1. Residue by residue through region 378-419, note down the ones that are in a strand (DSSP E or B) and among the hydrophobic types (A, V, I, L, M, F, W, C).
2. In this structure, is P97 more than 27 Å from the chain's Cα centre (by Cα) and in the same structural domain as T185 (by TED's automatic domain parsing)?
3. Can you confirm whether L241 is touching a Phe, Trp or Tyr at 6+ places or on another chain (Cβ under 6 Å), over 25 Å from E81 (Cα atoms) and assigned by TED's automatic domain parsing to the domain that holds A153?
4. Of all residues in region 337-373, which are within 13 Å of D386 (Cβ to Cβ) and not in a loop (DSSP other than H, G, I, E, B)?
5. So Q113 ticks every box in (1) farther than 20 Å from L35 by Cα; (2) polar (S, T, N, Q); (3) assigned to a helix (DSSP H, G or I) but one. Which box is left unticked?
6. Out of everything in region 310-364 that is touching a helix residue (DSSP H, G or I) at 6+ places or on another chain (Cβ under 7 Å) and within 15 Å of A282 (Cα to Cα), what residue ends up being surrounded by the most Cβ atoms within 10 Å (Cβ to Cβ)?
7. For A207, which of the numbered conditions (1) part of a helix (DSSP H, G or I); (2) among the aliphatic types (A, V, I, L, M); (3) touching a helix residue (DSSP H, G or I) at 6+ places or on another chain (Cβ under 8 Å) fails to hold?
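The values are calculated or read from the model by the stated rules, or taken from the named source; none is laboratory data. Not measured: the values here are computed from a predicted model. Here the Cβ positions follow ideal geometry from the backbone for every residue, glycine too, while neighbour counts run over all protein chains shown.
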Amino acid sequence: MNWARVEKKPGFYEFSGPRRAYKDLLDEDKNKLTLVINWGNPLYDNGHTPQSKTALNALEAYTKEVIGRFPVIETLEVGNEFNGRNFVRGPLEKMAPLERSQAYLKILKATSQGARAGREDIRILGGATHSLPGSWLWNIMDSGGAKWMDAVAIHPYSTPAEQFTRQMAVLRWHPSLKDMPFEVTEFGTDSVKSAGNHLVKNYCQFALAGVTKAMWFPANLRGRRTVPLFTPNGRLTSAGLAYRTVAKHMEGKVVTDISEDQFTYGCKFGNDTYVIWGAARAFKLGDAAQVFDLSGKPVTSPPETLDPETPIIVISDSDTPFTLGELPLIADSYYQFSYPEKNAHKAEGDGFERFAKEGKKTIPLLTMPGQDRPNVPWVPWRGHPDHKGVRLTAETLLPSTSKDIVHVYTAEHPKDVTLTAHFKPGKKSEDGVIVRLSQNGKPLLEERASHENPVEIQRKPISMSSGDTLEIVVAAGESQRGDLTRYRITLERATTQTQ
């Protein structure tokens with residue numbers, strides 16, 4: 001609800017008309033509303049995001065009036081993606097993110113005070129982030145922000161479902177966030193094909209990470225590519241069908257993590273509903289179990305293999321609703337990507353050692369909380385505070401002209417393995433990246449990857465003894481510009497003896 005439409009004269013509030021009084025049409029016994037508080041009123045600070053004492057006092061008074069006027073409002077979300085520039089106006093647009101977090105704190109305090117004066121039981125959502133920027137949230141908490149909120153609002157558009165719980169764990173390193181509820185007040189995708197998968201997978205991981213409420217965006221078509229829940233003529237989309245299935249079988253039930261390893265993702269909701277997906281392996285349905293598709297329809301021919309993209313929904317009150325076969329995968333740079341705690345060099349359970357290298361000097365890739373400085377990811381990532389040119393995430397890597405990104409796999413037991421790897425620099429890469437593969441220091445391959453000609457590696461079988469190493473190095477060419485590279489490295493047990 002736009003502040004400028006409500007208060008056109010200082011201290012006078014007008015709530016007539018559908019844009020302002022629509023909340024009166026909602027039956028508060030059946031509906032509860034989360035309202036995003038908007039600012040920007042030409043009466044104060046030239047319509048810019050308020051920062052002066054006069055403007056903040058006016059915002060506080062306006063918020064008190066709104067919350068007191070509409071009892072259907074259960075929750076107030078303060079701000080929208082405030083860690084970016086799209087939803088601020090005036091001087092705040094030029095501020096660095098961490099500086100803007102302190103400007104946000106003033107608004108959070110004023111709005112929270114006004115809302116609680118309007119009604120004591122109102123729930124306040126703070127943070128207002130696009131993505132999961134640890135530094136932004138930690139900075140707010142360091143300044144006492146937890147006092148002015150009941151939960152944190154996030155929009156995790158840039159986090160894949162498989163990485164969500166790990167990134168949330170990093171955010172919760174801050175003492176004020178350890179037990180703080182989180183609400184996902186926007187998530188969605190522009191992929192019509194994968195929208196249902198995206199909703200169900202994320203719902204599972206949100207639940208495991210302590211998210212208490214999740215809101216798909218948008219409900220109806222908003223002139224964007226993001227897939228809505230229903231079409232203009234009222235038909236449910238793939239996302240809408242999946243939403244209905246989640247609401248029927250999963251919402252409000254106790255969740256349990258049923259992942260057997262780092263390559264499998266799954267949730268048990270209540271006593272009978274299971275969601276599972278992950279690396280390919282045999283899947284066998286139990287005798288007293290039923291598989292449902294994402295729209296909630298029974299599946300007559302259950303899948304025989306676990307899928308990395310499409311979650312399987314099983315309903316059964318049996319102790320063994322399904323069984324999984326042997327996993328051929330032994331290491332995966334995406335599934336096993338994790339964040340070393342504190343200043344540790346390697347995350348527990350990671351199949352690879354990951355580090356940067358300058359000549360013979362090894363540089364650890366430590367956990368960086370996200371948006372800690374300009375031009376870095378807005379989610380937790382791996383890098384080094386003293387070496388700002390390199391970075392690593394679960395999906396992308398960036399070498400510098402003097403520092404390579406290195407992945408090393410060390411065999412614990414003798415085995416034959418199949419190596420599969422993919423490296424694709426971005427379109428703006430000036431001269432691509434150089435990919436090198438070696439075993440125990442002996443070179444096996446060197447190729448240059450470009451956006452048009454990515455490097456695809458498949459080597460099988462590679463015989464390895466205990467303690468043998470495979471090293472994959474990605475180096476910049478003459479220029480680092482545009483070298484952000486999508487990558488994936490996997491190792492499986494070899495199934496053939498031919499090369």
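1. The answer is W381, V390, L392, L397, L398, I405, V406, V408, V417, L419.
2. No.
3. no
4. A356, E358, K361, I363, P364, L366, M368, listed by residue number.
5. Only one criterion in (1) farther than 20 Å from L35 by Cα; (2) polar (S, T, N, Q); (3) assigned to a helix (DSSP H, G or I) is unmet by Q113, namely (1).
6. If we take residues in region 310-364 being touching a helix residue (DSSP H, G or I) at 6+ places or on another chain (Cβ under 7 Å) and within 15 Å of A282 (Cα to Cα), then P311 is surrounded by the most Cβ atoms within 10 Å (Cβ to Cβ).
7. (3)
Results for (1) in the same structural domain as M168 (by TED's automatic domain parsing); (2) of a type in the set (D, E, K, R); (3) more than 25 Å from S158 (Cβ to Cβ), shown as yes or no for each residue.
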residue: V379; (1), (2), (3): no, no, no
residue: G383; (1), (2), (3): no, no, no
residue: D431; (1), (2), (3): no, yes, yes
residue: P454; (1), (2), (3): no, no, no
residue: L470; (1), (2), (3): no, no, yes
residue: V473; (1), (2), (3): no, no, yes
